[in-house]
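As structure tokens, the structure follows; a few thoughts come after it.
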Amino acid sequence: MPYKQPPKEYQFKEGNSGRPKGAKNKRTIFDRAMMHVGEALGLGQKPDAVEVELVKVGIRKALKGNFSFYKDIFDRLYGKPRETINLDAELKTQKIQELENKLREFLEDSE
């Protein structure tokens, strides 16, 4: 099937990114919020000061055995690690055979 262009009103317009003029990105909003939290806690106006305090709290909790806070911070900063599932070839073959048998049974019952 050949590719069809969308209607003109939905096509990308030159010079228009879709974001309203003056809209802030999430990092800017986060930095501004961290600045206000830093001021409220007396840490200063730099967002880094609040981030450093968060990491300190996380390390203290991790040393006491609570890794969830520390893990959550690192997952947010660096992304979650990929989870892989290793199945050996024999198990894969067995699962495929089971699926094929169920499919055959289904087809035979529907005739």
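In table form, for the structure just shown:
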{"quantity": "Per-region count, segment 55-106, residues within 30 Å of residue 38 (Cβ to Cβ), among the aromatic types (Phe, Trp, Tyr) and assigned to a helix (DSSP H, G or I)", "calculated": "4"}
{"quantity": "Residue match in segment 8-23 (condition: of a type outside the set (D, E, K, R) and modelled with pLDDT of 80 or more)", "calculated": "no"}
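The values are calculated or read from the model by the stated rules, or taken from the named source; none is laboratory data. Worth saying up front: this structure is predicted, and the values here are computed from it rather than measured. Glycine also receives a Cβ, built like all others from the backbone with ideal geometry; neighbour counts cover every protein chain displayed.
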